[in-house]
Amino acid sequence: MHVIAASLSGGAAALHAAHRPGNGAQLVDTEGRRFTDTYQETAAGPSFSGTVTIAPGDTALGFVTFAVPTSSEIAKVQSALNSGLADSVGQWTVS
């Protein structure tokens, strides 16, 4: 296992209410396996602490860490608001 620190940023109308960015965030590897966040620290940069509120037009930057098997190749990052219960899911392809 190794730790991957994913940099997440949000802006515009990204988060209208308090949200913990790690809740609802997943990494998906090329085999379709999903990995949720861990509470491990990272030297990559500052992690999001607790909940984050981003007003429309503002931005926030922080890291969410994931424990992933060394053999995994990450293909996507997915995030859903409301601790993963929101209907809409943002997805980014990793290249």
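Rule-based calculations on the coordinates, nothing more; no lab input. Just so it is clear, the model here is predicted, and its values are computed rather than measured. Glycine also receives a Cβ, built like all others from the backbone with ideal geometry; neighbour counts cover every protein chain displayed.
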Amide H proximity to Val52 below 5 Å, modelled H, separation 5+ or other chain, gives His19, Arg20
Where Lys and Arg each count +1 and Asp and Glu each count -1, what net charge lies around Thr30 among other residues with Cβ under 13 Å from its Cβ?
0
